[in-house]
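S.K.: Provided herewith is a single structure, encoded as structure tokens, for subsequent inquiry.
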Amino acid sequence: MAQAKLNVDASKFDLPVVKATQGPDGIMVSSLANDGFVTLDPGFLTTAQCESKITFIDGKNSVLLYRGYPIEQLCEQSDFLEVAWLLRHGELPSRAEYDRFCADLNHRTMVGEDFRSFMASFPRAAQPMSVLASAINALAAFYPDTTDITDPGKLDEASRIIMAKARTIVSYIYRRRRDEPMLYPDVARGYVDDFLRMCFAVPYEPYESDDLSIHALGRLLIIHADHEQNCSTSVVRIAGSAHANLYSAIAAGVNALSGPLHGGANEAVLRQLEVIRDSGESVASFVEDAKRNGTRISGFGHRVYKCHDPRAEVAKHYLQELMARGDVDDRLPADERALFDIATQLEDIATHDDYFVSRHLYPNVDFYTGLLYRIIGFEPAMFTPLFALGRIPGWIAQYREMLADPGTRIGRPRQVYTGRTRRDYVPMDQR
Ligand code: SDX
């Protein structure tokens with residue numbers, strides 16, 4: 001194994017290096033603790049928490065691979081459930097494996113009446129990500145015989161339950177906000193087609209699928225499926241490293257994803273476009289204000305991508321396809337259609353402005369996805385739950401990889417203490 005040499009004052013350390021198949025190698029620093037050192041890396045910019053074989057990102061060259069397959073090829077030729085299988089098992093499924101996986105999920109999509117009542121106990125206008133995290137967490141209470149993570153069969157069943165019921169939960173969150181009843185699954189339809197039906201169908205009217213919306217949403221689920229050790233996935237892994245069950249760990253991931261710096265950015269992008277539209281200001285002056293005040297433009301920048309986010313390109317392509325259809329005027333009122341023009345101007349200005357280019361700030365996956373969810377028919381409050389729906393197979397795959405890794409230990413970072421040294425208590429009357 002290669003070695004890295006570290007000299008600190010008179011101390012000399014030979015640190016083993018773990019070779020990567022692609023991307024940066026890892027310098028193992030664990031032994032430093034024996035000599036009174038810890039590494040300090042706020043935000044973990046250069047700290048790897050694990051070895052992983054699931055997803056590879058090359059942030060300098062806009063590369064995103066799921067188990068070695070380029071995201072562009074998976075978007076062109078695969079579908080969300082096949083990608084979910086690939087992330088979890090490492091290989092594309094055979095026809096028999098794929099059909100069995102789809103059937104297993106189809107027969108677990110429905111939730112029980114008590115679970116539906118539990119979800120109906122939330123206020124209709126409750127923040128959807130709070131309801132989603134609560135509902136995923138509650139699956140542990142409603143399916144307690146699948147929480148034993150030392151039993152691979154039970155862990156497989158929990159994985160199926162979450163994958164299958166997540167779309168029912170998300171569709172019901174959407175319908176409750178509109179005072180509409182839950183719709184039960186129709187196993188004759190595909191995953192995405194049936195999800196959109198469970199969201200948009202009117203119980204007493206025939207429902208017509210929209211193939212382009214199905215295809216576009218299917219690509220959005222694929223591009224969100226995994227993204228190596230992002231914030232929410234790291235939360236899932238660290239919760240799982242304490243042997244919290246799969247439901248609890250994924251609920252923790254949902255909560256982390258809800259932050260506007262992370263998965264909540266897609267909704268923040270649309271709100272930001274509405275602010276620009278309603279301000280009467282030009283997009284250029286909005287950008288100048290952001291630069292002057294140092295405020296962040298939602299949908300721009302990424303910890304790893306220092307050039308274009310390949311996922312943003314996919315989302316933009318399908319957004320343009322849906323925008324080019326003749327029915328966009330029927331789908332969106334004029335004041336919302338104006339947001340697409342503002343987004344295009346914002347992208348054009350920011351990607352040519354040195355302030356952004358010098359900081360490697362490009363549109364990320366969240367810049368376009370909100371607009372796409374909107375044109376498919378969802379309100380902004382549902383954008384981040386839709387991100388979470390896509391990310392669930394990645395969270396499951398990463399949790400399972402963590403649990404199966406013999407090198408996994410409970411995640412417990414250290415600190416550099418800069419507080420007060422030891423001092424004695426002072427009684428109140430002497431202060
Ligand atoms: C996701 O990690 C993942 O993989 C996440 C994700 C996934 O699939 O799981 O890809 C999903 O979360 C995408 C990102 C969505 N978030 C946003 O769009 C929110 C806006 N973006 C930022 O807040 C920011 O870019 C982050 C959080 C995405 C990344 O933050 P970093 O890597 O910690 O960057 P930084 O805060 O160190 O910023 C570096 C510089 C700073 O300027 P200086 O102090 O050097 O002068 O860039 C500036 C920042 O002020 N900057 C921005 C900016 N983002 C960073 N300036 C204006 N607008 C922005 N959006």
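S.K.: Being closer than 30 Å to Tyr69 by Cβ and surrounded by 10 or more Cβ atoms within 10 Å (Cβ to Cβ) is the filter here; which residues of the range 1-39 pass it?
M.R.: Matches in the range 1-39: Ala2, Val17, Val18, Ala20, Gln22, Gly23, Asp25, Gly26, Ile27, Met28.
S.K.: Could you tell me how many of the residues in the range 167-208 are aliphatic (A, V, I, L, M) and part of a helix (DSSP H, G or I)?
M.R.: Count: 6.
S.K.: Take Asp58 and tell me if it is without any contact (Cβ under 8 Å) to a residue 60 or more places away in the chain, touching a strand residue (DSSP E or B) at 6+ places or on another chain (Cβ under 9 Å) and not small (Gly, Ala, Ser).
M.R.: yes
S.K.: Determine whether the range 125-132 contains at least one residue that is in contact with a helix residue (DSSP H, G or I) (Cβ under 7 Å, 6 or more places away or on another chain) and of a type in the set (Gly, Ala, Ser).
M.R.: The answer is yes, given that some residue of the range 125-132 is in contact with a helix residue (DSSP H, G or I) (Cβ under 7 Å, 6 or more places away or on another chain) and of a type in the set (Gly, Ala, Ser).
S.K.: So is Met163 farther than 16 Å from Leu105 by Cβ and in contact (Cβ under 8 Å) with a residue 60 or more places away in the chain or not? Show your work before the answer.
M.R.: Values: farther than 16 Å from Leu105 by Cβ: no; in contact (Cβ under 8 Å) with a residue 60 or more places away in the chain: yes.
Taking the combined requirement at face value, the residue does not satisfy it.
S.K.: Checking Val287 against (1) within 11 Å of the ligand (Cβ to nearest atom); (2) open to solvent by 50 Å² or more (accessible area, probe 1.4 Å), only one condition comes out false. Which one?
M.R.: (2)
One line per residue, one yes/no per condition, for (1) part of a helix (DSSP H, G or I); (2) open to solvent by less than 50 Å² (accessible area, probe 1.4 Å):
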position	(1), (2)
Ile342	yes, yes
His352	no, no
Leu361	no, yes
Gln398	yes, yes
Glu401	yes, yes
Arg409	no, no
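S.K.: If you go through the range 309-327, how many residues are open to solvent by 10 Å² or more (accessible area, probe 1.4 Å) and among the small types (Gly, Ala, Ser)?
M.R.: Residues meeting the conditions: 2.
S.K.: Given the options Arg311, Arg292, Arg303, Arg325, name the one that is more than 10 Å from the ligand (Cβ to nearest atom) and touching a residue at least 12 places away in the same chain (Cβ under 8 Å).
M.R.: Numbers: Arg311 fails: more than 10 Å from the ligand (Cβ to nearest atom); Arg292 fails: touching a residue at least 12 places away in the same chain (Cβ under 8 Å); Arg303 fails: more than 10 Å from the ligand (Cβ to nearest atom).
Sole residue among the options that is more than 10 Å from the ligand (Cβ to nearest atom) and touching a residue at least 12 places away in the same chain (Cβ under 8 Å): Arg325.
S.K.: Let me ask you something else. Which one is least open to solvent (accessible area, probe 1.4 Å) among residues in the range 111-145 that are closer than 18 Å to Met198 by Cβ and charged (D, E, K, R)?
M.R.: Selected residue: Arg116.
S.K.: Being of a type outside the set (Asp, Glu), within 16 Å of the chain's Cα centre (by Cα) and part of a loop (DSSP other than H, G, I, E, B) narrows it down to one of Arg303, Arg219, so name that one.
M.R.: Unique residue meeting the criteria: Arg303.
S.K.: With (1) farther than 21 Å from Leu220 by Cβ; (2) open to solvent by 20 Å² or more (accessible area, probe 1.4 Å) as the list, and His302 as the residue in question, which single condition is left unmet?
M.R.: (1)
S.K.: Continuing with the same structure: Here are Phe101, Phe56: which of them is assigned to a helix (DSSP H, G or I), aromatic (Phe, Trp, Tyr) and at negative phi?
M.R.: Answer to the selection: Phe101.
S.K.: Now for a different question. Arg95 - would you say it is within 21 Å of Asp186 (Cα to Cα) and open to solvent by 40 Å² or more (accessible area, probe 1.4 Å)?
M.R.: Values: within 21 Å of Asp186 (Cα to Cα): no; open to solvent by 40 Å² or more (accessible area, probe 1.4 Å): yes.
For Arg95, the condition - within 21 Å of Asp186 (Cα to Cα) and open to solvent by 40 Å² or more (accessible area, probe 1.4 Å) - is not met.
S.K.: Looking only at the range 250-267, how many residues end up being surrounded by fewer than 22 Cβ atoms within 10 Å (Cβ to Cβ) and either under 19 Å from Leu339 (Cα atoms) or in contact with a strand residue (DSSP E or B) (Cβ under 9 Å, 6 or more places away or on another chain) (or both)?
M.R.: Result for the range 250-267: 1.
S.K.: Another one. For the range 265-294, which positions are of a type in the set (Ser, Thr, Tyr) and farther than 15 Å from Glu347 by Cα? Step through it out loud before you land on a result.
M.R.: Kept after step one, since they are of a type in the set (Ser, Thr, Tyr), are these residues of the range 265-294: 279, 282, 285.
Result: Ser279, single match.
S.K.: Under 30 Å from Asp151 (Cβ atoms) and free of Cβ contacts under 8 Å to residues at least 24 places away in the same chain: does that describe Val235?
M.R.: So Val235 fits the description; yes.
S.K.: Considering every residue within the range 139-155, establish whether at least one is in contact with a Pro (Cβ under 9 Å, 6 or more places away or on another chain) and assigned to a helix (DSSP H, G or I).
M.R.: No, the range 139-155 has no match at all.
The values are calculated or read from the model by the stated rules, or taken from the named source; none is laboratory data. What you see is a predicted model, and the numbers here were worked out from it, not measured in a lab. Because the Cβ atoms are built from the backbone with ideal geometry, glycine has one as well, and the counts that use them run over all protein chains shown. Ligands, DNA and RNA are excluded from the accessible area calculation, which covers all protein heavy atoms including side chains. Shrake-Rupley method; radii C 1.70, N 1.55, O 1.52, S 1.80 Å.
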